[in-house]
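Asker: Here's a structure for you.
The values are calculated or read from the model by the stated rules, or taken from the named source; none is laboratory data. Just so you know, these numbers come straight off a predicted model, no measurement behind them. We place every Cβ from the backbone using ideal geometry, glycine too, and count neighbours over all the protein chains shown. These accessible areas exclude ligands, DNA and RNA; they are computed on the full protein's heavy atoms, side chains included. Shrake-Rupley method; radii C 1.70, N 1.55, O 1.52, S 1.80 Å.
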Amino acid sequence: MVALSGIKERVGIDNPKRGFLLTKRIDPQPADIHKVEQFLNIVRATGVPDDGKDMEVRLSKSDEAFAASFLKSQGIKEGAPFIILNPGGNWDLKRWPAENFAGLGDRLQKKYGMPVILTGAGKDVGLAEKIAGMMDRKPVIAAGTTSLRQLAAIMKRAALVVSNDSGPMHIAVSQGVKTIAIFGPTDPKLTGPYGSGVYTVLQKSTGKPGCKIPCYNLRCEEPLCMEAVSVDEVAREAERLLK
């Protein structure tokens, strides 16, 4: 498509099947470096210097106003601390169990008295409602109600974000929020939080023979890698970050 569009300079990773369509071919990248570095290397190969490794999500005044209005509508005063739990993920095997998010939410609300907000896309509304139904003190459900930038504006105001490996996890880090990223089958060395910021990755080995990370077996019936991360471990890390 890029070649047919008539773009004169086409830079990308060389590939036997489509490399001939490029005007500048970049050697295949090492498999063990972060995706950020892989893509920055393409830019660097053009002679354009990179401007740092931090992800940036720029917010408009309307995004900021939406966040302030949303929080106010939920009884959260301007500047008041709250915690965000982001339980979604683009495939089910990357999702920490719903009951774990519920248990963590109850534990943090009881200890800190902070409201908990459940975020996510429209497809995550059912999951958020399921988690809310298991909690003693009902959280705010924001899943399906925001754009990505509106979500970023809300996250910017949070005291802590706990998220699976997902786009919103990276958005939280982009806003400088203290973030806990829960990983299972994917490799945080390749797709985990990156750049500056205060964040922690929690990931555990399953101990099961033949169960290796990264794993892209979408037919896996036992997501032991996600279940291996306990509520206690996440709560302890949350308590450390919230000191």
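Asker: For the range 205-224, state whether one or more residues are open to solvent by less than 30 Å² (accessible area, probe 1.4 Å) and touching a residue at least 40 places away in the same chain (Cβ under 8 Å).
Answerer: Within the range 205-224 (the criterion being open to solvent by less than 30 Å² (accessible area, probe 1.4 Å) and touching a residue at least 40 places away in the same chain (Cβ under 8 Å)), the answer is no, since none of the residues qualifies.
Asker: Hey, another quick one. Sort out which residues of the range 114-147 are open to solvent by 30 Å² or more (accessible area, probe 1.4 Å) and farther than 26 Å from Glu239 by Cα, and write them in order of number.
Answerer: Across the range 114-147, the qualifying residues are Ala121, Gly122, Lys123, Val125, Gly126, Gly144, Thr145, Thr146, Ser147.
Asker: If you don't mind, there's one more thing I want to ask. Can you list the strands (runs of 3 or more DSSP E) lying wholly within the range 1-93 that have 2 or more residues being more than 24 Å from the chain's Cα centre (by Cα)?
Answerer: Correct list: 11-13, 24-26.
Asker: So is Pro30 loosely packed, with under 10 Cβ neighbours inside 10 Å and modelled with pLDDT under 90 or not?
Answerer: For Pro30, the condition - loosely packed, with under 10 Cβ neighbours inside 10 Å and modelled with pLDDT under 90 - is not met.
Asker: Given the structure, is Pro193 within 17 Å of Met55 (Cα to Cα) and either open to solvent by 70 Å² or more (accessible area, probe 1.4 Å) or assigned to a loop (DSSP other than H, G, I, E, B) (or both)?
Answerer: So Pro193 fits the description; yes.
Asker: In the range 32-67, what residues are closer than 25 Å to Ala159 by Cβ, aliphatic (A, V, I, L, M) and without any contact (Cβ under 8 Å) to a residue 12 or more places away in the chain?
Answerer: Answer for the range 32-67, where residues must be closer than 25 Å to Ala159 by Cβ, aliphatic (A, V, I, L, M) and without any contact (Cβ under 8 Å) to a residue 12 or more places away in the chain: just Ala65.
Asker: Can you tell me which residue is nearest to the chain's Cα centre (by Cα) among those in the range 227-243 that are surrounded by 14 or more Cβ atoms within 10 Å (Cβ to Cβ) and not in a helix (DSSP H, G or I)?
Answerer: Selected residue: Val229.
Asker: Further, regarding this structure: If I ask for residues that are in a helix (DSSP H, G or I) and in contact with a strand residue (DSSP E or B) (Cβ under 9 Å, 6 or more places away or on another chain), which ones from the range 127-150 would you list?
Answerer: Passing the criteria: Leu127, Ala128, Glu129, Ile131, Ala132.
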